[in-house]
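First comes the structure, then the notes that go with it.
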Amino acid sequence: MTKQSNGFTLIELIKFIDVTSQARAASLNGLRAAVSSAATLTNALQLASNLASNASVTVEGVAITMTNRYPTGDAAGIIATLRTDPGVYTSAALAGVLTFQVTSASNLATCQFTYTAAVSPNPPAIPASTTTGC
């Protein structure tokens, strides 16, 4: 006699949820690395072009607003350097601080990282991601 099973056991479901949470955290950390790289590359482009510290740079036909030689913390700055899916990530800017969150996280406030615009002489602050609620 064969037993037919439908659905998940509780243990399987818990493991699945844990793997999904880890995937969201890894995805967020990947976006954080992309943001850091984009800031560094636009900084290098501005320096190589011998532009003033607040002059915009053009990346793939898009003007990127800059402050203190790095992208600003808004849609015209660091967000314009990225190609992200709004169904996967959300972002919100407030006073030069841009917060990136995973849209499908169980708790958005604990599945995020921030980008704070550069203040001379320091580069932008991109602290470690918070992933406890992914």
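The values are calculated or read from the model by the stated rules, or taken from the named source; none is laboratory data. Here the structure is a predicted model, which is why all the values come from computation and not from measurement. Ideal geometry is used to build each Cβ from the backbone, glycine not excepted, and the neighbour counts take in all protein chains shown.
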Q. So how many residues does segment 106-116 have that are assigned to a loop (DSSP other than H, G, I, E, B) and in contact with a helix residue (DSSP H, G or I) (Cβ under 8 Å, 6 or more places away or on another chain)?
A. 2
Q | Subset of segment 58-98 [of a type in the set (Phe, Trp, Tyr) and surrounded by fewer than 20 Cβ atoms within 10 Å (Cβ to Cβ)] | A | TYR89
Q) Is it the case that ALA55 is in contact with a Lys or Arg (Cβ under 8 Å, 6 or more places away or on another chain) and either assigned to a loop (DSSP other than H, G, I, E, B) or surrounded by fewer than 16 Cβ atoms within 10 Å (Cβ to Cβ) (or both)? A) no
Q. Of the residues ALA63, ALA44, ALA48, which single one is of a type in the set (A, V, I, L, M) and within 20 Å of ALA93 (Cα to Cα)?
A. ALA63
Q: Taking the residues in segment 76-105 that are aliphatic (A, V, I, L, M) and in a loop (DSSP other than H, G, I, E, B) as candidates, determine which candidate is modelled with the lowest pLDDT.
A: ALA95
Q: Can you run down the residue pairs with Cβ atoms below 6 Å, 6 or more apart or on separate chains, where the first is in segment 40-68 and within 18 Å of VAL119 (Cα to Cα) and the partner is surrounded by fewer than 11 Cβ atoms within 10 Å (Cβ to Cβ)?
A: ASN68/SER120
